[in-house]
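Please treat every number below as a calculation from the coordinates, not as lab data. Since we're looking at a predicted model, the values are computed, not measured. Every residue, glycine as well, gets a Cβ built from its backbone with ideal geometry; the counts of neighbours run over all protein chains shown.
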Amino acid sequence: MDKKRILVAPLNWGLGHATRCIPVVRALIEQNFVPVIASDGDALHLLKKEFPGLEHYSLPSYAIEYSKYPFLLKFKLLGNTPHIIRTISKELKSTEDLIKTKNISGIISDNRWGVRSRLVPSVFITHQIQVLSGLTTFLSSKIQQAYINKFDECWVPDLPGTINLSGKMSHLKKTAIPVKHLGILSRFEKEVRPIDYDILVLLSGPEPQRSILEKIMFKELKDANAKIYLVRGVVEKIQKIEKKENFTVCNFMTSKELEGVINRSRLVISRSGYTTLMDLAKLGKPSFLIPTPGQPEQEYLARRFRKMGISPGCEQADFTAEKLQKVKDYSGLGFFSSLPGCLGSDDFCRVFALFKGE
């Protein structure tokens, strides 16, 4: 019997959606499915590098860009609404074409509203059933939930109980959405390795905020008495590694390379993006969190973990090297790694039952 082909389609907004699909793709292969990758931009390039032997297809781009001025982000996204609606329509058509021409038996969409079909079982992955957007949270959440309800299931990469990573974003008191919790989902494995770097800086996310934070890191940490590895989070054709004062700078890494450098670092400075938090929780690394300006989700998560005494952080414009001294007073995200919550092969067998017709 032919193996069922499952379309895996992450949103191209930063790299988090693509990277958290990596363990899902690996599990599909282990469970005797054939993953077919579809995305655009850096997300597609990254998955091509991770899985060169799989089929990859381009989807229409949402072309989401950040404003240099965080308070304008909401208005910029609002202005892009007509383009987003057109993109969803194009996604629906592209998805139907892939189903018909590439023999697709199921869909896993990570936050792509238009990658779904009535012809095959369709799943939506998100940690935001409630979308935080300031004064418009009620509206943005209703829109998100309306789209999620067009899918057969919603998979939430988090723990199901009161102790969890995503907080109020995916743990609603009441919802009619059919939810399955995936646990803490990470592409990485924890290893005890000798420490080579005092600080690892993980940059990610849309421009121009990624570049702004990069400049701040060089300015504030160049005089630090520390060995620093900085991963720029820019996916290019060729990997480049260079020395710059007390920094080793790399444009991008494969999952295996990044897993190694995180395990060999004492402290991680990163955005408070949800996928990054899952990775740091799995690897049990002390962290300092700097949310992307104007992104309420990341601001909420960074604030939440500060209040819980788990990880310190600050606003991007307020960062100084001295603030890193606070890390020793916090318990660290490794607290979550002691809890059951990372999927094993038996759990994925249960999750993938939808595609087996069980």
GNM on the chain, Cα springs under 10 Å; top mean-square fluctuation among THR292, THR81, THR275 goes to THR81
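Report the FRET efficiency, 1/(1 + (r/R0)^6), for LYS219 and GLU315, where r is their Cβ-Cβ distance and R0 is 22 Å, rounded to 0.05. Mind dumping the intermediate values first?
Numbers: r = 16 Å, r/R0 = 0.71.
That gives a FRET efficiency of 0.90.
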Max mean-square fluctuation residue, GNM over the chain, Cα-Cα springs under 10 Å, options ALA176, ALA63, ALA18: ALA176
Zone residues, region 122-140, relative to ASP347, backbone N less than 11 Å from point 7 Å out along Cα-to-Cβ: none
Within straight-line cross-link reach of LYS190, aspartates and glutamates at Cα separation under 15 Å, skipping those fewer than 8 residues along the same chain: GLU257, GLU259, ASP279
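Among all helices in the chain defined by DSSP H, which have a length of 20 Å or more along the axis from Cα atoms plus a Kyte-Doolittle mean of at least 0.0?
Numbers: long enough: 16-30 (22 Å, 0.59); 81-102 (30 Å, -0.65).
Helices passing the filter in the chain: 16-30.
A 28 angstrom limit on the alpha carbon distance is what I want to check against. Which of LYS3/LYS180; LYS142/LYS285; LYS4/LYS93; LYS168/LYS282; LYS256/LYS323; LYS49/LYS93 exceed it? All intermediate terms of the calculation are to be shown ahead of the outcome.
Working: LYS3/LYS180 24 Å; LYS142/LYS285 35 Å; LYS4/LYS93 21 Å; LYS168/LYS282 21 Å; LYS256/LYS323 30 Å; LYS49/LYS93 26 Å.
From the list (LYS3/LYS180; LYS142/LYS285; LYS4/LYS93; LYS168/LYS282; LYS256/LYS323; LYS49/LYS93), the Cα-Cα distance tops 28 Å for LYS142/LYS285; LYS256/LYS323.
List the longest stretch of the chain that has no exposed loop site; here a site is one of the trypsin sites (Lys or Arg not before Pro) assigned by DSSP to anything other than H, G, I, E or B, with at most 14 other Cβ within 10 Å. Mind showing how you got there, number by number?
On the way: sites that count: LYS3, LYS68, ARG118, LYS150, LYS173, LYS174, LYS222, LYS237, LYS240.
The answer is 241-358.
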Please state, as a whole number in µm²/s, the translational diffusion coefficient that the Stokes-Einstein equation yields for the chain at 37 °C and 0.692 mPa s, with Rh defined as the Kirkwood radius across alpha carbon pairs. 157 µm²/s
The set of residues whose placed amide H lies less than 5 Å from the amide H of GLY313, leaving out same-chain residues fewer than 5 positions away, is LEU289
Find how many whole Å separate the alpha carbon centroid of region 180-205 from the alpha carbon centroid of region 100-145. 26 Å
Residue with peak Gaussian network fluctuation, the chain [Cα springs, cutoff 10 Å], from GLU96, GLU257, GLU207: GLU257
Counting helices only, and only those DSSP H runs with n ≥ 4, report the 222 nm mean residue ellipticity of the chain as the sum of -39,500 (n - 2.57) divided by its residues, in deg cm²/dmol to the nearest 500. -10500 deg cm²/dmol
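Express in nm, to one decimal, how much length is gained between THR162 and GLU322 on full extension, taking 0.36 nm for each residue of separation and deducting their alpha carbon distance. Please list the in-between numbers first.
Numbers: separation 160, 0.36 × 160 = 57.60 nm, distance 3.37 nm.
Gain in length upon complete extension: 54.2 nm.
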Of all beta bridges DSSP finds with both residues in the chain, what is the antiparallel percent, to the nearest 5? 10 percent
Among the aspartates and glutamates, select those whose C-alpha is under 15 Å from the C-alpha of LYS48, and discard any that sit fewer than 8 residues away in the same chain. ASP40, GLU236
Select from ALA226, ALA9, SER265 the residue farthest towards the positive end of the dipole of the chain; place +1 on Cβ of Lys and Arg, -1 on Cβ of Asp and Glu, and compute about the Cα centre. ALA9
